[in-house]
Structures are given as C-alpha cells and as structure tokens.
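Some notes on the structure that comes next.
The values are calculated or read from the model by the stated rules, or taken from the named source; none is laboratory data. Remember, predicted model here, so these are calculated numbers, not experimental data. Heads up, the Cβs are rebuilt from the backbone with ideal geometry, glycines too, and the neighbour counts pull from every protein chain shown. Areas reflect the complete protein model, heavy atoms only, side chains present, ligands, DNA and RNA absent. Shrake-Rupley method; radii C 1.70, N 1.55, O 1.52, S 1.80 Å.
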Amino acid sequence: MSTFQAPKGTYDLTPPRSATFLAVREAISAPLRDSGYGYIETPGFENVELFARGVGESTDIVTKEMYTLTTKGGSQLALRPEGTASVLRAALEANLHKAGNLPVKLWYSGSYYRYERPQAGRYRHFSQVGAEAIGTEDPALDAELIILADQAYRSLGLRQFRILLNSLGDKECRPVYREALQSFLRDLDLDEETRRRIEINPLRVLDDKRADVQKQLTDAPKLRDYLCDACKAYHEEVRALLTAAGVAFEDDEKLVRGLDYYTRTTFEFVHDGLGSQSAVGGGGRYDGLSEMIGGPVLPSVGWALGVDRTVLALEAEGVELDLPATTSVYAVPLGEEARRVLFGVVTELRRAGIAADFAFGGRGLKGAMKSANRSGARYTLVAGERDLAEGVVQLKDMESGEQSAVPLTEAAAELAKRLG
Ligand code: HAM
C-alpha cells in the first residue's frame, strides 16, 4: 500500500472535480432554503444506541455496516451511517418541536459512513444533502419534499432519473400484512439466512435481488391489498399532489428501503446510467421514529440525496455544469519592485470583492502566463520595471487578447468597471 493512498472505499475530492461537488450541494440545498428549511449540523458520531433503536436492529446498516468504537471513557459510539436519527435527536434535544411552529423543517449536508463492500458508486465514506420535516402529518409535506428533490435534480440538468413511490402502511395495517407475508414466505424454498430474515424483517425479502428468489415471490401477498383506508387515502393524496405538480413517478410496491423507521410514503430517486448502485436519493415518512428513540409522537418525513452518486449521474448523462471561473484577475509581476506593487493591487482588488490571484514564486513570464490561462481569469495584469517607471500596468483581456496600458493608480477601478 502506498503511503499516499486513501483508505479502502474512500476517495479524496480535489480540484477541479471538487468544484462540481460544491455546486451539487448548493443546487440540492437551494430549493430547500427557499422553502423554509433551516440549516442543521450534528456531530459525525452518536451513541450507538440511537442508530440501533432508530435505524433498526435488524437492518444491514446496523448489523453489518456501522463503524463503532469504544471511547477511552467507555462510551459506545458509531460514526453516523445516516442523518435522520441524528437530526431528530438534535431537534428533540433543542426542543425545536416545542417552539410552536410545526413542522420543524431542517436541511443538512455532510459525510456518512457505512462499512459496505466498495464498488462503483458505493463507498465507505460518502456525502449526502438531506431534509427532514418534523412533527406534521400532511400529504402535502411528503409531496413538497419529493417536488423539491425533483426541482433540485432538474436545476442541475439531470433528466434520466425516475421517482419510485410506495406506501408501507402504518402501525395498524403493516403488522397484518407482515404476518400474511411471513406465512407465505415460510413455505418457500429459501436458504438459512433468508429464513432468518423472514422472522426479523420479512419485507426485506421482497427486495432480494436473486432471480430464483424473485421467481418464488410472484404470488406473494401485496402490501397494497392490506393498506388501511387512512393509509390508502393518504397515499392517494400524495400521488394526486405530485401529479398536479407535473412530477412524474412510478408506483413500485417492491420499494421497501433499507431502514426500519419508514411508515406510509417511501420513495427513491433512481438514475438509469449508474448500473447496480442506481439510487441517487431516497426517503419517506417516519411517523414512529421519535417514539422509537424515546421522544413524543412526531410524525415526520424526509429524504437524503447522495452527492457522490449525483455527480456520477451528471457524468453519466454528460452534463457539464456551468461553473464560472473562480479567479477574475491574475497578476503577473516581472521583477522585485513589480512584485511588491502588484501584490498591493491584488490585495486592493480582493478587498473590493474582485476575485484575484497572483503569480507566486517569482516565475518567468511564460510560466506565469500559463498559470494565468489555467486560472480562467478574464484579465491579467502584467508589470515590469519599464511599466512601473511610466506609472502604468499592462491590462490584458484574456478573451479578446487585447492589451492596453492603464495608470497604476487606476488599475483597480478600471477592473472593477470592466468586470461590472
Ligand atoms: P439511504 O437510502 O440509505 O437513506 O441513503 C440516501 C442516499 O445516500 C442513497 O440514495 C445514495 O445516493 C446515498 N448513499 C447511501 N449509501 C451510500 C454509499 N455507501 N456510497 C455512496 N452513496 C451512498 C438515508 O440515508 C435516509 N436517512 C434518508 C431519509 C431522510 N429518510 C428520511 N429522511
């Protein structure tokens, strides 16, 4: 292993690609910020207990994929594998739900950790932007979140994604379905591990990717047929609101998701250019999670979109984001005196809010001009001894190639004018 290698299943974000990640986070969060969601940040680790209770003792995430550690003081912690349990915990701790303004709408952006088998689009350290609307049961809230994610993806230029939608029922109707499904599954020809899963989390068996398992599931009881009237009406309303908003979705009764806290609405955004790790985002309603972690009744809904996979989806579709150059002016000094003078101009420009950079390290004109080009700057400022003697700097428009001498004292003002 090379000393410079990032740990297995992780990778570094470096320029220029890192700029795309920032732009994706910005694009996903912009519609949320415009819709009343406030920013929340929680620690990178929590007590293991929170995820065991919240995400679910029977899920792969908790049983196989959590990075857990014991502190020197003896606390059992886990690097966060997801954001929902943490955000709800933080909202409860801060009593946000008691401030009288429900739903509490929050958005977040950060790193998450799952000890998964790494492959294209699946990492052990990945990044999500998420949103949670806590404390209100209203189909319009479910619809709002799906519409905002759709809007975010469209604003990035993504087109080849689909929205899969399902309802998992509630604490009234799901247990009845669960039992019916269990008795159906128990009669099938399945391996030991899957048999164990039938007893702990039978809905997950529906999610089995193996063809021989799927073949046996053709006649499995359908959750749709077991939904209670309240769940059915709720789901119909979510569907109607999405349709009215012009957001296309596909009903997918196999969509069960990998976390135990979901009730009623569940959804996933999948991208067709990504191969097996096609889910770019997912979420749903979690009306029981607050109670599961010891809080009051707080019906809630949310989603998280994977930033890594969203970037892969952009690449798969060949979408190039229109990222403006970060530097507007690049200064190239020729000689010691010019270094001092131009460094002063660069500082003045920056203080005036103009993005400027400088050819550090005393390189020659050719090398410095290459850096100027690479920076994407619209203008370069070049000055040598003769220019300074005349009290001017050479101002070059990198687009037109035009160059003119500008009085040194007016350089900053002239650039401010030209850059609007
Ligand atoms: P999730 O479906 O587990 O949901 O993750 C959401 C997204 O995070 C996935 O669709 C995917 O894009 C990305 N993701 C997950 N695992 C990985 C990985 N190993 N490598 C790369 N990307 C990954 C949740 O996490 C829920 N907390 C969402 C939610 C919020 N539900 C309600 N509120």
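Can you pull out the cysteines in the chain that have no other Cys Cβ under 4.7 Å?
Lacking a cysteine Cβ partner under 4.7 Å: Cys231.
Between Glu385 and Glu179, what is the label-to-label distance in nm when each label sits 7 Å out along the Cα-to-Cβ direction?
Distance between label points: 9.6 nm.
Short version: ³J(HN,Hα) in whole Hz for each residue of the stretch 152-159, in order, from phi by Karplus 6.51 cos²θ - 1.76 cosθ + 1.60 (θ = phi - 60°), x for Gly and Pro, what are they?
Karplus-based 3J(HN,Hα) across the stretch 152-159 equals 4, 5, 5, 5, 7, x, 6, 10 Hz.
If amide hydrogens are placed 1.01 Å from N in the peptide plane, which non-local residues have theirs closer than 5 Å to the one on Cys173?
Cys228
Which of Asp142, Asp322, Asp150 ends up with the largest GNM mean-square fluctuation for the chain, with Cα atoms connected below 10 Å?
Taking springs between Cα atoms under 10 Å, the residue moving most is Asp322.
Quick one: helix 307-317 against the long Cα principal axis of the chain, what's the angle to the nearest 10°, folded into 0 to 90?
Helix 307-317 and the main axis of the chain meet at about 80 degrees.
Spelling out what I want: for every residue of the stretch 204-213, take phi, set θ = phi - 60°, compute 6.51 cos²θ - 1.76 cosθ + 1.60 (Karplus), and round to whole Hz; glycine and proline get x.
So the Karplus estimates, Gly and Pro as x, are 5, 5, 4, 8, 4, 7, 6, 4, 5, 6 Hz.
Once you list every other residue whose beta carbon is under 13 Å from the beta carbon of Gln119, what net charge do they have if Lys and Arg are +1 and Asp and Glu are -1?
Result for the neighbourhood of Gln119: +4.
With label points built 7 Å along Cα→Cβ from the Cα atoms of Lys254 and Glu315, find their separation and express it in nm.
2.8
Please give the FRET efficiency for Asp272 paired with Val297, using the beta carbon to beta carbon distance and R0 = 56 Å, rounded to the nearest 0.05.
That gives a FRET efficiency of 0.90.
Out of Thr42, Thr409, Thr63, any idea which swings most in a Gaussian network model of the chain, alpha carbons joined below 10 Å?
Most flexible of the set in this elastic network: Thr409.
Show me the trypsin sites (Lys or Arg not before Pro) within the stretch 1-85 that DSSP assigns to loop and that have at most 14 other Cβ atoms within 10 Å of their Cβ.
Hits after loop and neighbour filter: Lys8, Lys64, Lys72.
Using a 1.4 Å probe on the protein heavy atoms, what percent of the accessible area of the stretch 329-418 belongs to carbon and sulfur?
On the way: 2430 of 4990 Å².
Exposed carbon and sulfur together represent 49 percent of the surface.
Ignoring ligands, DNA and RNA, please state the percent of accessible area on the stretch 30-78 from carbon and sulfur, probe 1.4 Å.
Of all accessible area on the stretch 30-78, carbon and sulfur atoms account for 49 percent.
Kirkwood hydrodynamic radius of the stretch 87-180 from all distinct Cα pairs, in Å?
By the Kirkwood definition, the hydrodynamic radius is 16.7 Å.
Please state, rounded to one decimal and in Å, the Kirkwood hydrodynamic radius that the stretch 42-200 gives when every pair of distinct Cα atoms enters the mean of 1/r.
Evaluated over the stretch 42-200, this radius sits at 18.8 Å.
Can you work out the PRE-style zone for Gln5? Point 7 Å along Cα to Cβ, and I want the residues of the stretch 119-149 with backbone N under 19 Å.
119-125
Sum -39500 (n - 2.57) across every DSSP H segment of at least 4 residues in the chain, then divide by the residue count to get the 222 nm mean residue ellipticity, nearest 500.
Numbers: 16 runs with 160 residues, N = 420.
Result for the chain: -11000 deg cm²/dmol, rounded to the nearest 500.
Sticking to Cα atoms, compute the Rg of the chain to one decimal and its Dmax as the biggest Cα-Cα distance, whole number, in Å.
27.4, 94
Taking the solvent-accessible surface of protein heavy atoms with a 1.4 Å probe, what is the per residue accessible area of the chain in Å²?
Averaged over the residues of the chain, the accessible area is 49 Å².
Any idea what angle helix 229-244 forms with the longest principal axis of the chain, computed on alpha-carbon atoms, 0 to 90 degrees, nearest 10?
Here the helix axis deviates by roughly 30 degrees.
Could you give the nm distance between label points at Thr326 and Glu193, where each point is 7 Å from its Cα heading toward the beta carbon?
The modelled label-to-label distance comes out at 4.3 nm.
Once the other residues with Cβ under 12 Å from the Cβ of Ala85 are scored (Lys, Arg +1; Asp, Glu -1), what is the net sum?
Details: positive: Arg53, Arg80, Arg89; negative: Glu46, Glu49, Glu82, Glu132, Asp260.
It works out to a net charge of -2.
In whole percent, how big is the carbon plus sulfur part of the accessible area of the stretch 132-180, probe 1.4 Å, protein atoms only?
46
Which net charge results for the neighbourhood of Arg162, defined as the other residues with beta-carbon distances under 10 angstrom from its beta-carbon, given Lys and Arg at +1 and Asp and Glu at -1?
With Lys, Arg at +1 and Asp, Glu at -1, the net is -4.
Need one number: convex hull volume per residue for the stretch 1-101, Cα atoms only, in Å³.
Working: hull volume 16.6 nm³, N = 101.
Hull volume over Cα atoms, normalised by residue count, gives 164 Å³.
Provide, as a two-decimal number, the C-alpha radius of gyration of the stretch 91-138 over 2.2 N^0.38 Å, N being how many residues it has.
In units of the 2.2 N^0.38 Å rule of thumb, it is 1.61.
In whole Å and largest first, what semi-axes does the C-alpha gyration tensor of the stretch 329-418 yield when each eigenvalue is scaled by 5 and square-rooted?
Rounded to whole Å, the semi-axes are 16, 16, 13.
Express in nm, to one decimal, how much length is gained between Asp225 and Ala120 on full extension, taking 0.36 nm for each residue of separation and deducting their alpha carbon distance.
So the chain would gain 34.1 nm between Asp225 and Ala120.
Can you tell me which of Gly258, Gly302, Gly284 moves the most in a GNM of the chain? Springs connect C-alpha atoms under 10 Å apart.
Gly258
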